[in-house]
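First up is the structure itself, then whatever we jot down about it.
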Amino acid sequence: MTSPTALICETQAWKDLKGHVEDINKTHLRDLMSDAHRCESMMLEFEGLLLDYSRQRATVETMDKLLNLAKAAQLSEKISRMFNGEHINSTENRSVLHVALRAPKYAVIKADGKNVVPEVWNVLDKIEDFSEKIRSGSWVGATGKPLKDVIAIGIGGSFLGPLFVHTALQTDPEAAECAKGRQLRFLANIDPVDVARNISGLNPETTLVVVVSKTFTTAETMLNARTLRNWITTALGAPAVAKHMVAVSTNLALVEKFGIDPNNAFAFWDWVGGRYSVCSAVGVLPLSLQYGFSVVEKFLKGASSIDKHFQSTPFEKNIPVLLGLLSVWNVSFLGYPARAILPYSQALEKFAPHIQQVSMESNGKGVSIDGLPLLFETGEIDFGEPGTNGQHSFYQLIHQGRVIPCDFIGTVKSQQPVYLEGEVVSNHDELMSNFFAQPDALAYGKTPEQLQKENVSENLIPHKTFSGNRPSLSLLLPELSAYNVGQLLAIYEHRVAVQGFVWGINSFDQWGVELGKVLATQVRKQLHSSRTQGAAPEGFNYSTTTLLKRYLETSPEPKM
Ligand code: F6P
């Protein structure tokens, strides 16, 4: 067990795993995969969702040692502290309670001694009521027309999660039926090109703008919000804001100051981290406007099912715990710096970008929760693309270059099945053939001997050899319904938390994003004074000064 301020790498459990790497380095997945007993022990099922981690570079002994590490890290206690609303985000003195956002009405989850579930449901009920008014046309815009299009403005956690869920639901038959005739768009980047793309083809008369920002101070979101407010008021006059703009925030005072009626604001709380906020009004409002609350409620229920599983299942059968421990193994012991998230589902095309923030903003840290410099690597470089697109892009490197543990995610049923007469298999079977083949190609590889037997010419043998022994895991979902999307989200959220708990870091703050923001403020001031008073750039280094001068001298931006 660690003392509160010791690093996890000082424990015997960590040292045992360090020593164990040597044993694993003597194995090859080709051999590990021939042990059916081992493979069977590395498969888990929960509500029809099948996890197969037999292609991890791990043995039964590795798993035991990882479970010992979990004990040494006091993982169980840390999970309980999270669910109990303790201020585990110590640098911001906050609870971490995104699980309360999808808890059933009758649940009791306390923050600072107060049950937060009734407040959560007050907001959910308000969203249900408001989204029904918009969808039914009983709430109309300034000129009396129904609002059929929504632009959600937000960035980071106020964007990526909702975008992922929206993209996943778009082709789900039930959700698609509910969304008929409606559009949901997301404006995130401060690049004016993003504004142009988002308003293109939309009429302010029939558009509702949802400004989503936890703090209501984020520079990109606020300028985009002012830009769209201008778009609305120029077309419809200032009073139209009351009918065409609503907000989601924890900072209701700033919402009002911006000019949005507080009655049209949807609250959330400081115990919800931005990247963990998709189940709050951040995601639930735009998604309910598009799909109706009943579809979104299924998504929340899916996430909640994993919360229960995570909280109450013994670690040997606990999906997020095992995934988290295996990621720690891959990063800190086997030394793999990256992880590829590879959904064999176009509907999950925005899953990797969302998890990128959840994982990298949470676990990309250099010190322990107590501020001690870490003596080991944490976090991983997450990236990904849907299969099969990725296969024709970066898989070359994954097969023969760097070793990158891969998450293969597939579904038994397609959201949009196609079967052409005369074809060998259905289109979904074709997709899934790749889902099943790629993990084995990575694990087994191809030896020079096999190539010789195939009469491959000698000079090509080195080029056609695949070393194999490249780890992956496979997650097979029954289908991609709103419920399963919620499950997938919660599995990854909790997996990331498990990693952080074991590493002994604070996975719920993000101080690393601040410095760049401060420096941008300095540049913004300079650009203003240069444009308005012709002031030369001052106080920057040679490089930045030169770049700024070039930008100012040649920029077509109008003088202010
Ligand atoms: O990038 C930093 C960050 O604070 C993220 O953590 C957050 O999701 C994003 O900015 C947006 O913040 P807000 O919701 O307050 O606008």
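Points worth noting:
- Elements of type helices (runs of 4 or more DSSP H) in the stretch 179-258, at least 3 residues being touching a helix residue (DSSP H, G or I) at 6+ places or on another chain (Cβ under 9 Å) and hydroxyl-bearing (Ser, Thr, Tyr): 219-236
- Qualifying positions in the stretch 1-57 - among the acidic types (Asp, Glu) and not in a helix (DSSP H, G or I): Asp35, Glu45, Glu47, Asp52
- Candidate set from the stretch 482-512 (those that are out of contact with any Leu (no Cβ under 9 Å at 6 or more places or on another chain) and in a loop (DSSP other than H, G, I, E, B)); member that is nearest to Leu97 (Cα to Cα): Phe508
- When residues of the stretch 156-178 are limited to those that are in contact (Cβ under 8 Å) with a residue 12 or more places away in the chain and surrounded by fewer than 21 Cβ atoms within 10 Å (Cβ to Cβ), the one nearest to the ligand (Cβ to nearest atom): Gly156
- Residues of the stretch 513-542 that are among the aliphatic types (A, V, I, L, M) and outside any loop (DSSP other than H, G, I, E, B): Val513, Leu515, Val518, Leu519, Ala520, Val523, Leu527.
- All positions within the stretch 392-420 that are touching a residue at least 24 places away in the same chain (Cβ under 8 Å), closer than 16 Å to Met432 by Cα and surrounded by fewer than 18 Cβ atoms within 10 Å (Cβ to Cβ): Val412, Lys413, Gln416
- When the stretch 128-155 is filtered for residues that are touching a residue at least 40 places away in the same chain (Cβ under 8 Å) and assigned to a loop (DSSP other than H, G, I, E, B), the ones remaining, listed by number, are Trp139, Gly141, Ala142, Thr143, Lys145, Leu147, Lys148, Gly154, Ile155.
- Residue in the stretch 103-111 that is away from the ligand (no atom under 16 Å from the Cβ), surrounded by fewer than 16 Cβ atoms within 10 Å (Cβ to Cβ), touching a residue at least 40 places away in the same chain (Cβ under 8 Å) and outside any loop (DSSP other than H, G, I, E, B) present: no
- Restricting the stretch 493-538 to residues that are within 16 Å of the ligand (Cβ to nearest atom) and of a type in the set (Asp, Glu), the residue that is modelled with the lowest pLDDT: Glu514
- Tallying residues that are closer than 30 Å to His428 by Cβ and within 16 Å of the ligand (Cβ to nearest atom) within the stretch 324-376 yields 8.
- Qualifying residue in the stretch 330-346 (condition: closer than 25 Å to Ala242 by Cα and not hydroxyl-bearing (Ser, Thr, Tyr)): no
- Hey, Leu300 part of a helix (DSSP H, G or I) and within 16 Å of the chain's Cα centre (by Cα) or not: yes
- Residue in the stretch 261-268 that is within 12 Å of the ligand (Cβ to nearest atom), among the hydrophobic types (A, V, I, L, M, F, W, C), in contact (Cβ under 8 Å) with a residue 12 or more places away in the chain and assigned to a strand (DSSP E or B) present: no
- Failed item, numbered, when Asp125 is tested on (1) under 24 Å from Ser95 (Cβ atoms); (2) more than 16 Å from the ligand (Cβ to nearest atom); (3) in contact (Cβ under 8 Å) with a residue 40 or more places away in the chain: (3)
- The set of residues in the stretch 243-260 that are away from the ligand (no atom under 12 Å from the Cβ), of a type in the set (A, V, I, L, M) and surrounded by fewer than 19 Cβ atoms within 10 Å (Cβ to Cβ) comprises Leu252, Ala253.
- Within the stretch 277-296, restricting attention to residues that are small (Gly, Ala, Ser), more than 16 Å from the ligand (Cβ to nearest atom) and not in a loop (DSSP other than H, G, I, E, B), the residue that is surrounded by the most Cβ atoms within 10 Å (Cβ to Cβ) is Ser288.
- Scanning the stretch 351-378 for residues that are assigned to a loop (DSSP other than H, G, I, E, B) and either under 24 Å from Gly154 (Cα atoms) or in contact (Cβ under 8 Å) with a residue 60 or more places away in the chain (or both) yields Gly364, Lys365, Ser368, Ile369, Asp370, Leu372, Leu374, Leu375, Phe376, Thr378.
- For the stretch 71-96, a residue qualifies if it is polar (S, T, N, Q) and part of a loop (DSSP other than H, G, I, E, B), and the qualifying residues are Gln74, Asn84, Ser90, Thr91, Asn93, Ser95.
- Looking across the stretch 180-224 at every residue that is more than 20 Å from Val278 (Cβ to Cβ) and among the small types (Gly, Ala, Ser), the one that is farthest from the ligand (Cβ to nearest atom) is identified as Gly181.
- If you filter the stretch 60-79 down to residues that are without any contact (Cβ under 8 Å) to a residue 40 or more places away in the chain and out of contact with any His (no Cβ under 9 Å at 6 or more places or on another chain), you find that the one that is farthest from Pro439 (Cα to Cα) is Glu77.
- Residues that are among the hydroxyl-bearing types (Ser, Thr, Tyr) and out of contact with any Leu (no Cβ under 7 Å at 6 or more places or on another chain) within the stretch 361-376 comprise just one, Ser362.
The values are calculated or read from the model by the stated rules, or taken from the named source; none is laboratory data. Bear in mind that the values here come from a model prediction, so they are computed numbers and not experimental data. Cβ: placed from backbone, ideal geometry, glycine included. Neighbour counts: every protein chain shown.
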